[in-house]
Amino acid sequence: MSQRLQEVRSFEEDAEKRIPECARPMFHLTARAGWMNDPNGFSYYQGKYHLFYQYHPYKTIWGPMYWGHAVSDDLVRWKFLPAALAPDQEYDQDGCFSGTAIELPDGTHALLYTGVRNENQDDGTIEGVQTQCVALGNGVDYVKYEKNPVLDERDLPEGASRFDFRDPKIWRKGDGSYRLLVGSRSVRDFDGKLQLYSSPNGLDWTFLKTLIENRDRFGRMWECPDIFPLDGKTILIVSPQDMLATDNEYHSGNGTVAIIGSYDDETDTFIEESNQTLDSGIDFYAPQTVETPDGRRVMIGWFQNWDTLKPPTHERAWNGQMSTPRELHLRNGRIVQSPVRELETYRRNPVRYSDVLFSGSLKLDGIRGRCLDLEIELEADDPNDLYQKFTINFAENESFHSSVSYKPGKGSLKIDRRYSGTRRAFLTDRAAKIQSVNGRIKLRLILDRFSVEVFANDGENVLSMTLYTVQSADGISFHCDKPVRMNITQYDLCVSS
Ligand code: FRU
């Protein structure tokens with residue numbers, strides 16, 4: 001084991017002890033210490049879910065990347081394992097960037113990742129040369145392959161940048177051969193692309209083709225691809241940088257795009273049909289998926305986003321968390337998401353109210369808390385007298401609150417953290433387009449200590465945002481300008497390590 005890996009393993013063991021459990025989210029995974037970004041190597045291996053992550057344990061800001069490591073039996077309760085990768089070789093000395101994992105036929109857990117080595121440029125700047133690398137292991141310890149890097153700039157088609165060539169996604173085809181999809185962009189105009197490679201064994205790779213080109217549709221450089229079958233279609237996920245906002249689907253900045261289509265296995269061709277975002281909120285990026293043993297497709301994302309990120313205040317010893325894992329399905333041609341069903345086994349203390357008729361402001365006995373699974377069904381009492389705006393405030397006390405509000409006239413569902421107690425001038429609200437009949441809408445809020453995820457209409461849209469409001473602000477209130485009828489079910493979420 002390299003000295004850098006040894007050092008980080010002993011550092012993180014101590015550093016973890018200095019972060020009290022209640023200072024972390026209850027069940028959203030955070031770095032064992034310090035900084036976390038993308039999920040990596042999300043896989044099911046030898047009876048457990050493995051989740052690695054982009055990791056800089058020494059600070060709460062991004063730095064040379066390691067791979068942190070956690071395992072889980074049910075995708076809800078995670079246990080830290082020692083860091084898996086350190087930037088300790090010449091070809092990855094400036095970072096082990098994102099990638100994926102697969103079990104090889106001999107039972108080895110293979111990690112495919114991007115190695116970064118900085119290079120001085122003629123104009124005095126520094127650029128990272130990015131190559132694809134392999135590490136082989138047993139679910140705890142990983143050894144970097146002696147023939148690394150397995151793909152470098154010589155394997156790029158003409159015109160593709162060697163500085164933006166990263167985040168390999170590996171999969172195995174029915175015929176036993178492997179494919180690797182790698183994020184890329186053209187030197188000339190920054191246009192995003194995905195390069196496809198093939199291998200007989202997961203180790204020796206040859207360039208096959210450029211699978212898909214952005215052609216100036218979704219941002220510029222495409223990061224973190226994933227590709228998988230879902231309900232008879234093939235879904236291709238990318239996380240583009242520098243997106244432009246569109247009226248009803250995408251926000252500007254770093255975003256997520258799911259392209260729904262089909263994959264021709266004979267010719268390795270992806271045929272696009274439609275596209276959509278995977279999260280309409282503020283904090284979500286670089287998701288990856290895993291197939292569960294019972295055949296579900298579950299996605300987890302970095303519950304933060306480069307464009308909306310601000311340095312943490314001194315109050316936190318960690319920065320970055322993972323989203324709730326979400327089951328994916330196709331409904332009417334769109335991907336719908338729901339919190340992984342295992343979360344339901346941690347529901348306690350149900351509180352139910354049926355057919356509550358109210359207008360103005362309302363608080364209900366027993367409806368409060370910061371770690372909750374809260375379901376609300378709403379509709380206008382009189383369809384001819386439609387409300388303009390319905391709001392749920394949460395994480396609320398005299399000074400602070402955050403909210404989700406729905407305007408049926410505009411068809412707009414908005415999350416807002418303006419008054420969450422932030423000391424940072426960051427992005428505070430975002431909205432998704434959701435049409436309704438009679439102002440009818442169904443919302444499920446997953447609240448953890450430092451976040452909310454809003455699943456609208458059984459997961460047709462999801463809006464995620466982090467919040468750092470003091471934990472004593474645990475009130476919930478409802479507000480509406482016209483009479484509405486509500487059904488509410490609240491559960492405490494109780495996940496202990
Ligand atoms: C996405 C990303 C990846 C890269 C990693 C570096 O968030 O920029 O493209 O591998 O983060 O930490």
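Here are some notes:
- Whenever a residue of segment 299-317 is under 15 Å from P25 (Cα atoms), its partners that are away from the ligand (no atom under 16 Å from the Cβ), lying with C-beta atoms within less than 6 angstrom and at least six residues away or across chains, give the pairs A317/I19.
- Some residue of segment 247-259 being more than 23 Å from the chain's Cα centre (by Cα) and of a type in the set (A, V, I, L, M, F, W, C): no
- Matching entry among R166, R162, R188, R172 (being touching a strand residue (DSSP E or B) at 6+ places or on another chain (Cβ under 6 Å) and more than 16 Å from the ligand (Cβ to nearest atom)): R172
- Looking only at segment 152-191, residues that are in a strand (DSSP E or B) and under 23 Å from Q241 (Cα atoms) come to 18 in all.
- Those strands (runs of 3 or more DSSP E) lying entirely in segment 107-151 with at least 2 residues within 16 Å of D164 (Cβ to Cβ): 109-120, 126-137
- Any chance L111 is out of contact with any Pro (no Cβ under 8 Å at 6 or more places or on another chain), within 16 Å of the ligand (Cβ to nearest atom) and farther than 24 Å from Q241 by Cα: yes
- Some residue of segment 278-290 being charged (D, E, K, R), crowded, with 23+ Cβ neighbours inside 10 Å, within 16 Å of the ligand (Cβ to nearest atom) and not in a strand (DSSP E or B): yes
- Here G219 meets the list (1) away from the ligand (no atom under 15 Å from the Cβ); (2) not in a strand (DSSP E or B) almost entirely, failing just condition (1).
- Meets criteria (in contact with a strand residue (DSSP E or B) (Cβ under 9 Å, 6 or more places away or on another chain), surrounded by 20 or more Cβ atoms within 10 Å (Cβ to Cβ) and of a type in the set (D, E, K, R)) for D448: yes
Each row is one residue, and each column tells you yes or no for (1) closer than 23 Å to K147 by Cα; (2) within 12 Å of the ligand (Cβ to nearest atom); (3) not β-branched (V, I, T).
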residue: H56; (1), (2), (3): no, yes, yes
residue: T60; (1), (2), (3): no, no, no
residue: Y66; (1), (2), (3): yes, yes, yes
residue: D73; (1), (2), (3): no, no, yes
residue: V76; (1), (2), (3): no, no, no
residue: P82; (1), (2), (3): no, no, yes
residue: D88; (1), (2), (3): yes, no, yes
residue: G95; (1), (2), (3): yes, yes, yes
residue: G99; (1), (2), (3): yes, yes, yes
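- Cβ pairs under 7 Å, 6+ apart, first in segment 86-101 and over 12 Å from N40 (Cβ atoms), second of a type in the set (D, E) and within 14 Å of the ligand (Cβ to nearest atom): P87/D94
- The single condition among (1) surrounded by fewer than 16 Cβ atoms within 10 Å (Cβ to Cβ); (2) within 28 Å of the chain's Cα centre (by Cα) that P339 does not satisfy is (1).
We did not get these values from a lab; they are worked out from the coordinates using the rules stated. On a predicted model such as this, the values are computed, not experimentally measured, just so you know. Note that each Cβ is placed from the backbone with ideal geometry, even for glycine, and that neighbours are counted across all protein chains shown.
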